[in-house]
Amino acid sequence: MASLWVGNRGTVRDYPGFSPSADAEAIRKAIRGIGTDEKTLISILTERSSAQRQLIVKEYQTAHGKELKDDLKGDLSGHFEHLMVALVTPPAVFDAKQLKKSMKGTGTNEDALIEILTTRTSRQMKEISQAYYTVYKKSLGDDISSETSGDFRKALLTLADGRRDESLKVDEQLAVKDAQILYNAGENRWGTDEDKFTEILCLRSFPQLKRTFDEYRNISHKDIEDSIKGELSGHFEDLLLAIVHCARNTPAFLAERLHQALKGAGTDEFTLNRIMVSRSEIDLLDIRAEFKKRCGYSLYSAIQSDTSGDYGTALLKLCGGDD
């Protein structure tokens, strides 16, 4: 069965002639020597698929009685360490940890919560919720509930439940009906019925939503985005706009997030690492194309001018090429 985390538009693929024991040995040598051999670490961890990296992790543990991630943490530092550890973490666990980080400490990183919960499929969300519980002994829903509030909380919980329809079939009549419900819940009344927006935008499949948005335009002579901006506010508005963008074009939504992470003073490595690692086997090629279309320069060149050292080298390997 194909992994939920593998698409056919990724930059990272299974490495041919893969030997987990040879890789585990080479990594051990790279870490054990005097000074770390970062080149070897980069070439192995960025050129193996996530499934292959998990086999290396197992092999490493068996051969050396130690967790590879602990040895990496002990030997590396900074953004490079975070990136290498992310690469050896199973995807669902990686997302669970990113969600936890987004909710830890003072203030919640709403953008990261929104990005993860809107771009993962229902099946991925179910895996992430399981991983979250395994790692933290608390349910993802409970943490979301205690860190957020109001309509924003309700919508996040609906997404975290992983109940979005995944079918690719579009029901024309439902699209017309939903468009009318959205129109009646917002533009066509005093006040807004937020629950209707949450229900439709968090449960319908992306192809279905795209069709609904076309119908919405016919009924209201407005784009759904404009109505959401006019009717709603705060993080709830941000979340619904993110869903609309993902339904229309997920790679374009993520390209925009990368653009934000790489522009201006300072790089947002938290976002950069997450998208590069989590999409490298799914749709990073499409994200790269959208980035180029949006910015006029390649993602590769943006990473090159914004990062440096082993960290930059590893990210460029994941990026896979210059457009």
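The values are calculated or read from the model by the stated rules, or taken from the named source; none is laboratory data. Here the structure is a predicted model, which means the values were calculated and not measured. Please note: Cβ atoms are built from the backbone with ideal geometry, for glycine as well, and neighbour counts cover all protein chains shown. Heavy atoms of the whole protein, side chains included, go into the accessibility calculation; ligands, DNA and RNA do not. Shrake-Rupley method; radii C 1.70, N 1.55, O 1.52, S 1.80 Å.
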Practice problem: Report whether or not Arg294 is touching a residue at least 60 places away in the same chain (Cβ under 8 Å), out of contact with any Ser or Thr (no Cβ under 8 Å at 6 or more places or on another chain), in a helix (DSSP H, G or I) and not hydrophobic (A, V, I, L, M, F, W, C). | Solution: no
Quiz prompt | Looking only at region 293-323, and only at residues there that are more than 24 Å from Leu72 (Cβ to Cβ) and among the basic types (Lys, Arg), the one that is most open to solvent (accessible area, probe 1.4 Å) | solution = Lys293
Practice problem: For region 140-149, indicate whether the set of residues that are under 20 Å from Leu241 (Cα atoms), crowded, with 16+ Cβ neighbours inside 10 Å and of a type in the set (D, E, K, R) is non-empty. | Solution: no
Exercise. Check region 30-45 and report whether any residue there is at negative phi, at pLDDT below 95, open to solvent by 60 Å² or more (accessible area, probe 1.4 Å) and outside any loop (DSSP other than H, G, I, E, B).
Key: yes
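Please find, among Ala242, Ala175, Ala179, Ala247, the residue that is within 29 Å of Thr106 (Cα to Cα) and modelled with pLDDT of 95 or more.
Residue meeting the stated conditions: Ala242.
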Self-check item: region 1-23: number of residues that are open to solvent by less than 60 Å² (accessible area, probe 1.4 Å) and free of Cβ contacts under 8 Å to residues at least 40 places away in the same chain
Solution: 5
Quiz item: Does Ala247 count as free of Cβ contacts under 8 Å to residues at least 60 places away in the same chain, within 21 Å of Asp95 (Cα to Cα) and not polar (S, T, N, Q)?
Solution: yes
Quiz prompt | Meets criteria (of a type in the set (S, T, N, Q) and within 30 Å of Ile303 (Cβ to Cβ)) for Gln173 | solution = no
Exercise. Please indicate, with yes or no, whether at least one residue in region 264-279 is free of Cβ contacts under 8 Å to residues at least 12 places away in the same chain, open to solvent by 50 Å² or more (accessible area, probe 1.4 Å), closer than 25 Å to Ile44 by Cβ and of a type outside the set (Val, Ile, Thr).
Key: no
Quiz item: Across region 273-292, what is the total count of residues that are more than 14 Å from the chain's Cα centre (by Cα) and among the small types (Gly, Ala, Ser)?
Solution: 1
Quiz item: Looking at region 144-166, is at least one residue within 14 Å of the chain's Cα centre (by Cα) and either under 12 Å from Cys202 (Cα atoms) or free of Cβ contacts under 8 Å to residues at least 40 places away in the same chain (or both)?
Solution: yes
Quiz prompt | Residue under evaluation Ile219, criteria (1) β-branched (Val, Ile, Thr); (2) surrounded by fewer than 17 Cβ atoms within 10 Å (Cβ to Cβ); (3) under 17 Å from the mean Cα position of the chain (by Cα), criterion not met | solution = (3)
Self-check item: Those helices (runs of 4 or more DSSP H) lying entirely in region 62-121 with at least 3 residues out of contact with any strand residue (DSSP E or B) (no Cβ under 9 Å at 6 or more places or on another chain) and open to solvent by 20 Å² or more (accessible area, probe 1.4 Å)
Solution: 68-75, 78-87, 91-103
Quiz item: Is there a residue in region 188-198 that is out of contact with any Ser or Thr (no Cβ under 6 Å at 6 or more places or on another chain), more than 24 Å from Ser122 (Cβ to Cβ) and crowded, with 17+ Cβ neighbours inside 10 Å?
Solution: yes
Quiz prompt | Failed item, numbered, when Phe253 is tested on (1) surrounded by fewer than 23 Cβ atoms within 10 Å (Cβ to Cβ); (2) within 23 Å of Ser49 (Cα to Cα); (3) among the hydrophobic types (A, V, I, L, M, F, W, C) | solution = (2)
Exercise. Answer with yes or no whether Ala302 is over 19 Å from the mean Cα position of the chain (by Cα) and not in a helix (DSSP H, G or I).
Key: no
